[in-house]
Amino acid sequence: MSTENTQRHALKTEIKTVFSSDSDINYFSILIETSSRMASYNVIIKTFISQIQKTNRDCQIQIITYGDTVNTIFEFDSEPITLKDALKEIKFSKDDEEAKLGEAMKMCFDNIESNWSSNLMSKIIVISSGQSTDDSSDNLVDLLNLDNNVIYGLAGTNSATKPIDEAVKDLESLLPDQKVIPLGKNPSQDIKLLMNSGSANGASEEHSINCPVNIEVYPHSNETKSIKDDLLLDVVIKPDGNTTLIPAGSKIKFLSNKYYSGYTIQLKDNLVFGEPYGETIRLEFKKGQMEKTQFEHFPSKITFHIELANDRDNIHEGHVFLNITYFLGDLKSKYKCCIGVEGEIGNGKSTCLNGFVNLFNPVNELEEYFVANRSFGSHVTTSVNNTSLKEILTSKHYIYPVQESFHDINIAWSDAWGFVETDVSLKHKAEGRIHHGTKKDECVLLQPDDRYRIDCFIFVVSIRNFTDSGPMQRIEKKIKEVISVGITPLLVITFTDQLSKNHIQDIMKNKVAELPVQECNTFTVSNYTEKDTHKDIAKDIQYLRVLIKAVQLCKTKNEKELMNKAKGISNLSINDNNNNNNNNNINNNNNNGFNQTPAKNQSSSFYESSSSPSPNFFKSPSQQTSTQSPSSPSPVNDEPSRIINVTIDVIPDSNGTVLTSFEIESSSNESISELKRRLINEINPDMNANDWSISKETGTILFESAKLSSAIKSSDNVDSIKLILKKKQSLF
């Protein structure tokens with residue numbers, strides 16, 4: 001690997017912590033008893049957890065609650081910004097005194113065992129009244145209290161029934177030989193009492209030394225890649241200015257996470273000052289992830305450990321912070337993708353647009369391209385503003401190397417004023433009849449212009465609006481206008497960080513479901529606020545997920561229009577031949593004394609075809625009217641039906657070239673023949689269904705009488721699948 005990186009920008013890298021292999025405090029497991037005995041500690045416990053995060057910003061936390069049931073409400077590798085939502089899920093019982101500590105400890109051990117290797121250290125904190133109503137055996141304490149784990153206890157009690165001293169003794173009996181202190185009203189003090197002493201005698205285990213290694217990390221290429229590609233990084237290792245040599249045998253371990261595999265660099269020779277060592281590493285993308293969890297698991301940083309051959313007792317920990325601009329490859333398209341963003345005033349339209357545009361900003365500081373409404377008052381956007389990515393980039397004084405790879409990303413965004421009663425139908429925007437610069441109070445319909453045609457609409461709705469019938473009626477009306485012209489709407493729900501997870505789920509189930517938008521096309525985003533000045537990849541990945549789906553829909557719409565156009569040209573040729581034949585037949589029939597009438601509704605031009613998928617194509621199968629013939633019996637529904645998101649690649653020839661791709665929603669109980677019929681009706685109703693087959697990605701052809709569920713392993717709890725619609729090849 002070349003160490004010349006003058007044309008590339010290094011990723012932000014920090015080596016922040018140096019710790020003894022006996023005293024890592026970056027991983028916390030917090031077990032919380034939620035019986036009525038601990039209900040009075042609700043606020044104190046949540047404050048305690050928040051303080052842990054504040055004082056250990058790079059820590060990993062898991063939270064397990066236990067009462068009559070045991071639940072993991074916050075997992076390792078979860079983004080820190082979601083911790084606030086998890087704290088809202090801690091619910092204490094009013095009268096139940098169940099406390100299944102043994103089951104909680106077993107779950108804790110299983111989570112620890114499955115999440116990292118034995119050379120990492122964890123702190124386990126049990127917040128308890130000292131009571132356990134299940135089998136809390138010493139074996140579990142022994143398992144958890146291994147060389148790489150330390151257990152602490154925080155004892156609480158209902159002071160009206162039992163003194164705190166007794167609660168401490170009870171918890172000490174459950175956690176023999178472990179440090180236990182009373183849970184007080186000063187969480188910061190409790191943290192100091194626990195964390196500053198790794199043993200019961202209070203002797204401090206921590207110390208700090210300088211890391212003698214400098215590490216620089218660069219993207220292997222300036223080309224932006226797909227989020228599903230393996231991650232290639234160029235790593236440059238060299239001694240710092242105070243060290244003359246890094247000994248052979250030293251290791252730099254890039255740790256695996258839920259998204260990427262790990263990688264270890266081991267120095268074969270001594271590394272001397274002035275002679276850096278470089279190596280290209282490959283962190284493999286963990287395939288088989290579902291779309292939703294795939295985006296949820298995308299890491300903001302890659303953690304690495306430095307193990308020096310001449311200092312086996314200490315491990316130096318560092319992080320490589322990823323930059324979202326290097327993961328935009330899924331936005332590439334040979335078509336121009338025009339995306340309209342619609343919504344009520346103050347719901348976050350312009351903020352959402354800025355989130356999209358900042359994905360392409362390689363620096364860490366946020367920029368505001370669209371003026372956002374912060375007051376929820378009058379309209380800030382008073383005219384239509386169509387802005388393309390190319391226009392934004394060409395306005396820059398300096399183009400970063402990675403931005404040069406955006407030439408295949410052809411996206412334009414359309415911003416407009418919030419909904420008003422006098423708005424024209426969105427179908428006119430879809431046709432390109434509302435041009436750039438059109439003013440709110442002077443909205444006139446002009447001649448269609450492809451430069452302003454909208455291929456995909458994103459509706460931005462504040463989660464607060466779902467309880468207000470007025471805005472919801474307007475948004476539903478606008479969504480239906482889009483569906484009526486065959487465009488699939490996307491729904492983005494904003495300001496979700498203001499509500500608890502349970503409240504959000506309740507609104508999604510009872511309110512969002514009333515809108516005519518598929519669940520797979522509904523997204524939640526955490527907005528950037530006026531206080532945010534720097535990018536947060538956890539938020540960026542939410543915007544990227546929406547934008548990828550919008551580009552996919554734009555591509556599908558453009559490809560279908562090309563197919564319909566080709567079909568229309570073919571029909572014109574067929575009709576010319578038919579007209580000649582009809583003329584001959586008419587002449588012949590006239591001679592025979594017959595009077596023939598041309599068939600009704602015969603297609604003569606591609607302009608009669610729909611230029612985009614019909615609304616029914618994107619609805620749930622349960623919403624569609626079955627077109628199954630009487631001779632084709634419906635399959636027996638002998639198992640619960642579930643919604644499956646199906647991606648279909650259409651391959652019309654033996655070369656294996658994918659002509660187009662569709663994403664539709666199906667049911668696990670829908671038959672393969674029904675699925676094929678729906679696809680063909682949308683692509684070209686004149687196609688002969690017998691000439692086509694549906695197969696898995698592996699090439700296995702699916703029986704048409706079988707259910708879609710047969711294509712999924714019974715052991716897999718998946719909600720999406722990819723299939724192939726391929727034209728059968730002639731044997732002769």
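The values are calculated or read from the model by the stated rules, or taken from the named source; none is laboratory data. Everything numeric here is computed off the predicted structure, so don't read it as measured data. Positions of Cβ are backbone-derived with ideal geometry, glycine not excepted, and every protein chain shown enters the neighbour counts. Note: accessible area is taken over every heavy atom of the protein model, side chains too, but ligands, DNA and RNA are not part of it. Shrake-Rupley method; radii C 1.70, N 1.55, O 1.52, S 1.80 Å.
Across region 329-343, what is the total count of residues that are crowded, with 22+ Cβ neighbours inside 10 Å and not acidic (Asp, Glu)? Before the answer, list the steps.
Our first condition is that a residue be crowded, with 22+ Cβ neighbours inside 10 Å; within region 329-343, this holds for 331, 337-343.
Next cut, not acidic (Asp, Glu) only: 331, 337-341, 343.
Final tally of qualifying residues: 7.
Of the residues Asp134, Asp142, Asp110, Asp96, only one is in a helix (DSSP H, G or I), surrounded by fewer than 17 Cβ atoms within 10 Å (Cβ to Cβ) and at pLDDT 80 or above; which? Spell out the reasoning first.
Details: Asp134 fails: in a helix (DSSP H, G or I); Asp142 fails: at pLDDT 80 or above; Asp96 fails: in a helix (DSSP H, G or I).
After ruling out the rest, the residue left standing is Asp110.
Let's see how each residue does on (1) in contact with a Ser or Thr (Cβ under 8 Å, 6 or more places away or on another chain); (2) farther than 18 Å from Ser526 by Cα:
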residue	(1), (2)
Gln51	yes, yes
Asn56	no, yes
Thr65	yes, yes
Ser78	no, no
Lys94	yes, yes
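Conditions first: (1) open to solvent by 60 Å² or more (accessible area, probe 1.4 Å); (2) more than 26 Å from Lys91 (Cβ to Cβ); (3) not polar (S, T, N, Q). Pro489 passes all but one, so which condition is the exception?
Unmet for Pro489, out of (1) open to solvent by 60 Å² or more (accessible area, probe 1.4 Å); (2) more than 26 Å from Lys91 (Cβ to Cβ); (3) not polar (S, T, N, Q): (1).
Examine region 350-360 for a residue that is in contact with a Leu (Cβ under 7 Å, 6 or more places away or on another chain) and without any contact (Cβ under 8 Å) to a residue 60 or more places away in the chain, and state whether such a residue exists.
Yes.
Identify the residue in region 59-93 that is among the β-branched types (Val, Ile, Thr) and open to solvent by 30 Å² or more (accessible area, probe 1.4 Å) and, among all such residues, is farthest from Ser300 (Cα to Cα).
Of all residues in region 59-93, those among the β-branched types (Val, Ile, Thr) come to 61, 63-65, 69-70, 72-73, 81-82, 90.
Imposing the further condition that a residue be open to solvent by 30 Å² or more (accessible area, probe 1.4 Å) reduces the set to 69, 72-73, 81-82.
Details: Thr69: 32, Thr72: 22, Ile73: 21, Ile81: 12, Thr82: 13 Å.
Result: Thr69.
Of the conditions (1) closer than 24 Å to Thr524 by Cβ; (2) of a type in the set (Asp, Glu); (3) modelled with pLDDT of 90 or more, Glu367 fails just one. Which one is it?
So the condition that Glu367 fails would be (3).
Residues to consider are Ile281, Ile252, Ile265; find the one that is aliphatic (A, V, I, L, M) and either farther than 20 Å from Ser221 by Cβ or in contact with a helix residue (DSSP H, G or I) (Cβ under 6 Å, 6 or more places away or on another chain) (or both). I'd like the intermediate steps shown before the answer.
Values: Ile281 fails: either farther than 20 Å from Ser221 by Cβ or in contact with a helix residue (DSSP H, G or I) (Cβ under 6 Å, 6 or more places away or on another chain) (or both); Ile265 fails: either farther than 20 Å from Ser221 by Cβ or in contact with a helix residue (DSSP H, G or I) (Cβ under 6 Å, 6 or more places away or on another chain) (or both).
The unique qualifying residue is Ile252.
Can you run down the residue pairs with Cβ atoms below 6 Å, 6 or more apart or on separate chains, where the first is in region 513-541 and touching a residue at least 24 places away in the same chain (Cβ under 8 Å) and the partner is open to solvent by less than 20 Å² (accessible area, probe 1.4 Å) and among the charged types (D, E, K, R)?
If the second residue must be open to solvent by less than 20 Å² (accessible area, probe 1.4 Å) and among the charged types (D, E, K, R), the pairs left are Gln518/Glu665.
Quick one: in region 213-239, which of the residues that are of a type in the set (Asp, Glu) and open to solvent by 30 Å² or more (accessible area, probe 1.4 Å) is farthest from the chain's Cα centre (by Cα)? Before you say what the answer is, go through the steps one by one.
Pass one, region 213-239, residues of a type in the set (Asp, Glu): 216, 223, 229-230, 234.
Narrowing further to those that are open to solvent by 30 Å² or more (accessible area, probe 1.4 Å): 216, 223, 229-230.
On the way: Glu216: 28, Glu223: 22, Asp229: 15, Asp230: 17 Å.
For region 213-239, the residue satisfying everything is Glu216.
State the number of residues belonging to region 379-399 that are touching a Ser or Thr at 6+ places or on another chain (Cβ under 9 Å) and modelled with pLDDT of 85 or more.
Final tally of qualifying residues: 4.
Answer yes or no as to whether Ile537 is closer than 30 Å to Glu365 by Cβ, touching a helix residue (DSSP H, G or I) at 6+ places or on another chain (Cβ under 7 Å) and open to solvent by less than 50 Å² (accessible area, probe 1.4 Å). Explain how you work it out, then say what you get.
Numbers: closer than 30 Å to Glu365 by Cβ: yes; touching a helix residue (DSSP H, G or I) at 6+ places or on another chain (Cβ under 7 Å): yes; open to solvent by less than 50 Å² (accessible area, probe 1.4 Å): yes.
Yes; evaluated as a whole, the condition is true for this residue.
Looking at region 301-322 only, could you name the residues that are closer than 15 Å to Asp540 by Cα and surrounded by 21 or more Cβ atoms within 10 Å (Cβ to Cβ)? Full working, then the answer.
So the first thing to find is which residues in region 301-322 are closer than 15 Å to Asp540 by Cα, and the list is 301, 321-322.
Within region 301-322, Leu322 is the sole residue that qualifies.
Return the residues of region 407-455 that are under 30 Å from Tyr326 (Cβ atoms) and outside any helix (DSSP H, G or I); say none if nothing qualifies.
Ile409, Asn410, Ile411, Ala412, Trp413, Ser414, Asp415, Ile454, Asp455 - these are the residues of region 407-455 that are under 30 Å from Tyr326 (Cβ atoms) and outside any helix (DSSP H, G or I).
Restrict the check to region 263-281 and report whether at least one residue is closer than 29 Å to Ile721 by Cβ and open to solvent by 10 Å² or more (accessible area, probe 1.4 Å). Steps first, answer last, please.
Of all residues in region 263-281, those closer than 29 Å to Ile721 by Cβ come to none.
No, region 263-281 contains no residue that is closer than 29 Å to Ile721 by Cβ and open to solvent by 10 Å² or more (accessible area, probe 1.4 Å).
May I ask you to list pairs of residues, at least six apart or on different chains, whose Cβ atoms are under 8 Å apart, with the first in region 473-489 being within 10 Å of Leu515 (Cα to Cα) and the second being open to solvent by 50 Å² or more (accessible area, probe 1.4 Å) and part of a helix (DSSP H, G or I)?
Cβ pairs passing all conditions: Glu476/Glu514.
Of the residues that sit in region 389-431 and are of a type in the set (Gly, Ala, Ser) and touching a residue at least 40 places away in the same chain (Cβ under 8 Å), which one is farthest from Lys477 (Cα to Cα)? Spell out the reasoning first.
So the first thing to find is which residues in region 389-431 are of a type in the set (Gly, Ala, Ser), and the list is 395, 405, 412, 414, 416, 418, 425, 430.
Then drop every residue that is not touching a residue at least 40 places away in the same chain (Cβ under 8 Å), which leaves 405, 412, 414, 416, 418, 425, 430.
On the way: Ser405: 39, Ala412: 25, Ser414: 19, Ala416: 17, Gly418: 14, Ser425: 9, Ala430: 15 Å.
Ranking the qualifying residues of region 389-431, first place goes to Ser405.
When the residues of region 230-264 are filtered to those that are in a strand (DSSP E or B) and of a type in the set (Ser, Thr, Tyr), which remaining residue is farthest from Tyr326 (Cα to Cα)?
Of region 230-264, the ones in a strand (DSSP E or B) are 231-239, 245-246, 251-254, 260, 263-264.
Now drop any that are not of a type in the set (Ser, Thr, Tyr), which leaves 260, 263-264.
Values: Tyr260: 15, Tyr263: 20, Thr264: 23 Å.
The extreme case among them is Thr264.
Working carefully through the options Leu679, Leu723, Leu675, find the one that is at pLDDT 75 or above, under 15 Å from Asn645 (Cα atoms), part of a strand (DSSP E or B) and open to solvent by less than 60 Å² (accessible area, probe 1.4 Å).
On the way: Leu679 fails: part of a strand (DSSP E or B); Leu675 fails: part of a strand (DSSP E or B).
Leu723 is the lone residue from the list that is at pLDDT 75 or above, under 15 Å from Asn645 (Cα atoms), part of a strand (DSSP E or B) and open to solvent by less than 60 Å² (accessible area, probe 1.4 Å).
Kindly check whether there is at least one residue in region 635-648 that is modelled with pLDDT under 75, open to solvent by 40 Å² or more (accessible area, probe 1.4 Å) and not in a loop (DSSP other than H, G, I, E, B). Even if it seems obvious, please write down each step before you answer.
Just the residues of region 635-648 that are modelled with pLDDT under 75, to begin with: 635-641.
Right, trim to open to solvent by 40 Å² or more (accessible area, probe 1.4 Å) and you get 635-641.
Narrowing the set further to residues that are not in a loop (DSSP other than H, G, I, E, B) leaves none.
No, region 635-648 has no match at all.
I need every pair where a residue in region 325-338 that is basic (Lys, Arg) has its Cβ under 6 Å from the Cβ of a residue that is open to solvent by 30 Å² or more (accessible area, probe 1.4 Å), sequence separation at least 6 or different chains.
Taking only residues 6 or more apart or on different chains, the pairs are Lys332/Asp408; Lys336/Asn410.
With buried (at least 20 other Cβ atoms within 10 Å of the Cβ) and more than 22 Å from Ala550 (Cα to Cα) as the only criterion, which of Asn502, Asn465, Asn510, Asn527 stands out?
Step by step, each of Asn502, Asn465, Asn510, Asn527 is checked, and only Asn465 is buried (at least 20 other Cβ atoms within 10 Å of the Cβ) and more than 22 Å from Ala550 (Cα to Cα).
Which ones in region 493-504 are within 10 Å of Asn527 (Cβ to Cβ) and in contact (Cβ under 8 Å) with a residue 40 or more places away in the chain?
Matches in region 493-504: Thr494, Phe495, Asp497.
Any chance you could count how many residues in region 649-672 are touching a Ser or Thr at 6+ places or on another chain (Cβ under 7 Å), within 13 Å of Met563 (Cβ to Cβ) and open to solvent by 10 Å² or more (accessible area, probe 1.4 Å)? Walk me through how you get there before you give the answer.
The initial filter retains those residues of region 649-672 that are touching a Ser or Thr at 6+ places or on another chain (Cβ under 7 Å), namely 649-651, 660-663, 665, 667-669, 671.
Right, trim to within 13 Å of Met563 (Cβ to Cβ) and you get 650, 660-662.
With open to solvent by 10 Å² or more (accessible area, probe 1.4 Å) added as a condition, the list becomes 661.
Number of matching residues: 1.
Look at Ile458 and say whether it is open to solvent by less than 30 Å² (accessible area, probe 1.4 Å), within 30 Å of His435 (Cβ to Cβ) and in a helix (DSSP H, G or I).
Details: open to solvent by less than 30 Å² (accessible area, probe 1.4 Å): yes; within 30 Å of His435 (Cβ to Cβ): yes; in a helix (DSSP H, G or I): no.
No: the conditions fail for Ile458.
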